[in-house]
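Peer 1: Mind having a look at this structure? Questions to follow.
No lab work stands behind these numbers, since they all come straight from the coordinates. Note that this is a predicted model, so its numbers are computed, not measured. Here the Cβ positions follow ideal geometry from the backbone for every residue, glycine too, while neighbour counts run over all protein chains shown.
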Amino acid sequence: MEADRRVVARWGAINLLVLLYALVPVLWIASLSFKDPATITDGHFVPRSWTLDNYKGIFKNDDFVRGLVNSIGIGLISTVIAILVGTMAAYAVARLDFPGKSLVLGFSLLIAMFPQISLVTPLFQIWRGIGLFNTWPGLILPYITFALPLTIYTLSTFFREIPWDLEKAAKMDGATPFQAFRLVIAPLAAPGVVTTAILAFIVCWNDFLFAISLTSSSAARTAPATISFFTGSSQFEDPTGSIAAAAMVITVPIVVFVLFFQRRIVSGLTSGAVKG
Amino acid sequence: MTTATRAEPPADPGRRAQSEGKRSERNLGWWLCAPAALVMLLVTGWPIVYSVLLSLQRYDLRFPDRRGWVWLENYVTVLTSPFWWQAFGVTMVITVISVVLELVLGMAIALVMYRTLLGRGLMRTAVLVPYGIVTVAAAFGWRYAWTPGTGWLAGLLPAGDAPLTQQWPAIFIIILAEVWKTTPFMALLLMAGLALVPEDALKAAAMDGAGPWQRFRMITLPLMKPAILAALLFRTLDAFRIFDNIYILTNGAQGTSSVSVIAYHNLIGGLNLGIGSTMSVLIFVTVAVIAFVFVKGLGTSTPGQSGGRR
Amino acid sequence: MRLRRAVRPPAALTAALALTAGLLAGCGGDDGGPRVVNLYNAPQENIDAIVRRCNAQAGGRYRIALNTLPRGADDQREQLVRRLAAGDTGLDVLGLDVTWTAELAEAGWIREWIGADAARARQGTLPGPLETATWQDKLYAAPYNTNVQLLWYRSDLIPNPPTTWSGLMRESARLKRAGKPHYGQVPGAQYEGIVVWFNSLVASAGGSILSENGERVTLGPPAQTALRTMRAFARSAAADPSLSNTKEDEARLAVESGRGAYEINWPFVYASMAANRPELLRNFRWAPYPGIDGAGRAPLGGGNFAVSAYSKLPRQSFEAALCLRDPESQRIAATRDGLPPTIESVYRAEGMTQAYPMRDTILAALRTAAPRPKTPTYQNVSTVMAVALSPPAAIDPQGTLRTMREQIDDALQSKGVIP
């Protein structure tokens, strides 16, 4: 009994450490975002006087609102396309036998490890030339590209776990491989697809390098890039509170999403890794 | 890459015989993969070639008239520049230290999540918070935390210390930010690896009198080796291209540039497409070498996980 | 207007987009309202008042829409050049730092000022600031505000301000012996500020960093003297331990907090002292920038207005730029935001006595102020110099000079790497 309680206490302490590790830095940003200008430089972890002005301020800031719209729009479009294209490829990889399969996998792996900065110079130049610079498609294209490897790998893992006998049965009943895919497998695969979509959206939402390199105005600049260009009201005032509030605004929805789908995301992130 | 030693779909002798079905399967496979392959090729293939072409030219946007072929001169310039090598060194230091820390810390957190008796779900949920936060947002948090006056962490330092304006303290903070953000990802990968270690083997070893540390070292670690190597490969390459954290925390001041940051500065700040492209090519080559060493030298089998975090 | 090139977002977002787009671009284009001239400028608290005044004066010919750039000069430049490199037509009037003129002019991104516009921009403008808007004898911008650094000191600690750097070091040593605040606050961090310091020291010693046409490195013995002075200062009783992290703002705060006895800084510190530490203001005095053996040549700063080469409304843009920097606008900027005017007559305008008790010292300093080197690659030149000079205590006059000469040479040929 005594030993049990000690074990529980020990695990409690260890868990608390992990919790602090994960949450303290986020709470600090939250705390900054609720401080008023007079106390923002006081260094206290907990605000001494609370205010919502920082949040009101950023939603009155057209550039930030526009950045949010861009982030959501570009992120959603990229995710949808990446999932569409990636599902097709992942199905082929998981289910079909065809020459060139290893090439597709190898190539997407290459992209996953690719240093994005190596694309910035040529894309900057090419996009300027063909008019994609500072446009939505100018960001959507690279985002799809870097979301695809993740999509293909994660989805193909999910697809392998689907009871494929059903597909066989459908084929016996005279369905073409495409009909079997569309009518039988796609509904079964939906949960995996949703998980993958969340992961892909996070990749797009989190991007910063492309967002600051391939845009030049709020026409296409996403929220993280907008935040990094926030200006204070005068030359000598740092927009700390606004940046903290904006950081919370772009963080909280994703964190809530991730927490809500926690179980699926953990399996999505890890399943590919060990079963490969 | 030697990736595709994946499970083939079970052969079905009845159907296999029909070459008609086989050909349609092959065609379907190609058609399904074509869009993905096309997009990836289009966005990376041509730019890489173009990047190599640009790296052989003198091309500074501020002097549009003086553009011309200089062949390898840009490479000589970059490879003899102390700034480049400093950035390269800093990147290496950040990569090695942060990956090692992530491995150790990630393993610890993985063990906690896997073995804890209380609130397993809560633990797994909490560690996803750093994963879900936008890197730039987190980096601002760290920056303000270490800003004298504003920050709660800076308050712990002697007055007048501004760690972000000194080279080594700043690098340390960059590593801290990087490790905090990515360790949970590492921990999740390692936890999946832990699941592969059979309980029976651990129990048997315990019967034979092996202590917890011995069991971990003799049984858990060897069995997890593939998972560890795969996680290391992806994190190493990911850490090598570090950009967001440095851009926000120091923007490369005081010798804290990584190769990605210095390439960005030469392109966007310096408008020097020739030098910028040369750096792009060099970074690409370095990443290829690292991947090669991992795959050939250490026998990492690349997994189906892409770590596409940024 | 700027939305035209963006792809149409899904229907659900269109409403929100239309709303923000209207706010952003002003959408004055085709509906018969005034044409919108987009002004991009550094943050300035009361510039709204100037913009409103010009819009009222324009009488419907144009309407200026203010867009604020980031705070840091490097970030401002980065944003501007990226858009200019892309040929963005959404930029019309650009607020430029004095050091960018050559770069943007050489790249063909800003328009030359000619004819009546140029004449109006030159009229009554101080020669020093005007020179910063000129590249290869052509005018590329209209000077808006200027700036000079002065010596700001506490007269309760230093009754007679020294005129040389060695004099300052002696004062610090004396104060230290007396157990009083003795630090001298100088921008010594690795950034543009340390280059400004070095440039003024070289000029005070009778030299220059680059040749007149900006194509050759000169440096030489005056640069040696400047390096020796910086090193000596950084190792003297005057040097705050945090010298190598000090920028203008840290210098200001250190003197306001009583840690520093004097500072080398821009005139904004006066208004700041008045606001933050009114009790110290009585003893807060100014003196000319210190020199090597005689009078020093103060650093010259400021901002100019240029018109983008890609502007679709050049006529209106030139007119708007001229209004934004006319005597009345400059008076507003000077009295409300503390920006020293570039038009000489404004120094005698109403309200200037209260806001600018140091105006005669500023005017005198402007006559000899040292502009920074003129070259299209100034960004690179400045960056490599800042690295070579940092930290100032570690300067090795011979070695630093040699490295600096090589790296500036590379930078001039745009084949150097910038860190």
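Peer 1: Sort C:CYS323, C:CYS54 by Cβ crowding within 10 Å, fewest neighbours at the top.
Peer 2: C:CYS323, C:CYS54
Peer 1: Now for a different question. Would you work out which of A:ASN61, A:VAL85, A:PHE45 lies farthest towards the positive end of the dipole of the stretch A:1-99, given +1 charges on the beta-carbon of Lys and Arg and -1 on that of Asp and Glu, about the Cα centre?
Peer 2: Working it through, the farthest residue towards the positive pole turns out to be A:PHE45.
Peer 1: Okay, next question. Would you be so kind as to identify which of C:VAL346, C:ALA238, C:ASN283 lies farthest towards the positive end of the dipole of the stretch C:222-369, taking Lys and Arg as +1 and Asp and Glu as -1 on Cβ and the Cα centre as origin?
Peer 2: Final value for the positive-end residue is C:ALA238.
Peer 1: Taking θ as phi - 60°, what are the ³J(HN,Hα) couplings along the stretch C:275-291 by the Karplus curve (6.51, -1.76, 1.60), each to the nearest whole Hz, with x for Gly and Pro?
Peer 2: So the J values, rounded to whole Hz, are 7, 8, 10, x, 5, 8, 4, 4, 9, 8, 10, 10, 8, x, 4, x, x.
Peer 1: Filter the cross-link list C:LYS138/C:LYS374; C:LYS312/C:LYS374; B:LYS181/C:LYS247 down to pairs whose alpha-carbon distance in this structure exceeds 21 Å. Don't skip to the answer; put the middle values down first.
Peer 2: Working: C:LYS138/C:LYS374 13 Å; C:LYS312/C:LYS374 29 Å; B:LYS181/C:LYS247 31 Å.
Cα-Cα > 21 Å for C:LYS312/C:LYS374; B:LYS181/C:LYS247; rest within.
Peer 1: Here's another thing I want to ask about it. Rounded to the nearest 20 debye, what is the charge dipole size of chain B about its Cα centre when +1 sits on each Lys and Arg Cβ and -1 on each Asp and Glu Cβ?
Peer 2: Computed about the Cα centre, the dipole is about 460 debye.
Peer 1: A further question on this structure: Using the Cα centre as the reference, give the magnitude of the dipole from point charges on the C-beta atoms of the stretch A:24-138 (Lys, Arg: +1; Asp, Glu: -1; all else neutral), rounded to the nearest 20 debye.
Peer 2: Here the size comes out at about 160 debye.
Peer 1: Which one, B:GLY209, C:LEU126, A:ILE117, is farthest towards the positive end of the dipole of the protein assembly as shown when Lys and Arg carry +1 and Asp and Glu -1 on their Cβ?
Peer 2: Working it through, the farthest residue towards the positive pole turns out to be B:GLY209.
Peer 1: Under a cut-off of 19 Å between alpha-carbon atoms, report the lysines in cross-link reach of B:LYS22, not counting same-chain residues fewer than 8 places apart.
Peer 2: A:LYS101, A:LYS168, A:LYS171
Peer 1: Output ³J(HN,Hα) for the stretch C:154-162: one whole-Hz value per residue in order, computed from phi by the Karplus curve 6.51 cos²θ - 1.76 cosθ + 1.60 with θ = phi - 60°, and x for Gly and Pro.
Peer 2: 9, 5, 6, 9, 10, x, 10, x, x
Peer 1: If you don't mind, another one. Pick from C:ALA205, C:ALA275, C:ALA142: which is most flexible by mean-square fluctuation in a GNM of chain C where alpha carbon atoms under 10 Å apart are linked?
Peer 2: C:ALA275
Peer 1: Helix C:359-368 versus the longest principal axis of chain C: what is the Cα-based angle in degrees, 0 to 90, to the nearest 10?
Peer 2: Result, in degrees: 90.
Peer 1: For chain C, what is the calculated [θ] at 222 nm in deg cm²/dmol (nearest 500), taking -39500 (n - 2.57) for each run of four or more DSSP H residues and dividing by its residue count?
Peer 2: Rounded to the nearest 500, it is -13000 deg cm²/dmol.
Peer 1: At 0.36 nm per residue, and after removing the present C-alpha to C-alpha distance, how many nm does the segment from B:PHE172 to B:SER24 gain when stretched out fully?
Peer 2: 47.6 nm
Peer 1: Give the aspartates and glutamates whose C-alpha is closer than 15 Å to that of C:LYS176, dropping any in the same chain fewer than 8 places away, or say none.
Peer 2: C:LYS176 reaches C:ASP156, C:ASP240.
Peer 1: Taking the Cα centre of the protein assembly as shown as origin, sum charge times position over the Cβ atoms of Lys and Arg (+1) and Asp and Glu (-1), and report the length of that vector in debye to the nearest 20.
Peer 2: 1060
Peer 1: Would you please give the residues with an amide H less than 5 Å from that of C:VAL36, counting only those at least 5 places away or on a separate chain, with H modeled from the backbone geometry?
Peer 2: The answer is C:GLY28, C:GLY29, C:ARG63.
Peer 1: Right, another one. Under 5 Å between amide hydrogens, which residues at least 5 positions from C:GLY416 or on another chain qualify, with H placed 1.01 Å from N in the peptide plane?
Peer 2: HN-HN under 5 Å from C:GLY416: C:ALA411.
Peer 1: Spelling out what I want: for every residue of the stretch C:174-184, take phi, set θ = phi - 60°, compute 6.51 cos²θ - 1.76 cosθ + 1.60 (Karplus), and round to whole Hz; glycine and proline get x.
Peer 2: 4, 4, 5, 4, 7, x, 10, x, 10, 6, x
Peer 1: Starting from the 7 Å offset along Cα-to-Cβ, what nm value, one decimal, do you get for the label separation of B:TYR50 and C:ARG348?
Peer 2: Here the answer is 5.9 nm between the modelled labels.
Peer 1: With n ≥ 4 as the cut-off for DSSP H runs, can you work out [θ] at 222 nm for chain B, using -39500 (n - 2.57) per run divided by the number of residues, rounded to the nearest 500?
Peer 2: -19500 deg cm²/dmol
Peer 1: Continuing with this model, one more query. Under the rule of at least 5 residues apart or a separate chain, name every residue whose amide H is placed under 5 Å from the amide H of B:ARG58.
Peer 2: Residues meeting the amide H criterion: B:GLY68, B:TRP69, B:VAL70.
Peer 1: Among B:86-97, C:345-356, how do they line up by average Cβ neighbours within 10 Å per residue, starting with the highest?
Peer 2: B:86-97, C:345-356
Peer 1: Roughly what angle does helix C:314-324 make with the longest principal axis of chain C, taking Cα atoms, 0 to 90 degrees, to the nearest 10?
Peer 2: 40
Peer 1: List the lysines whose Cα sits under 27 Å from the Cα of B:LYS203, skipping any in the same chain fewer than 8 residues away.
Peer 2: Hits, sequence-local ones excluded: A:LYS275, B:LYS225.
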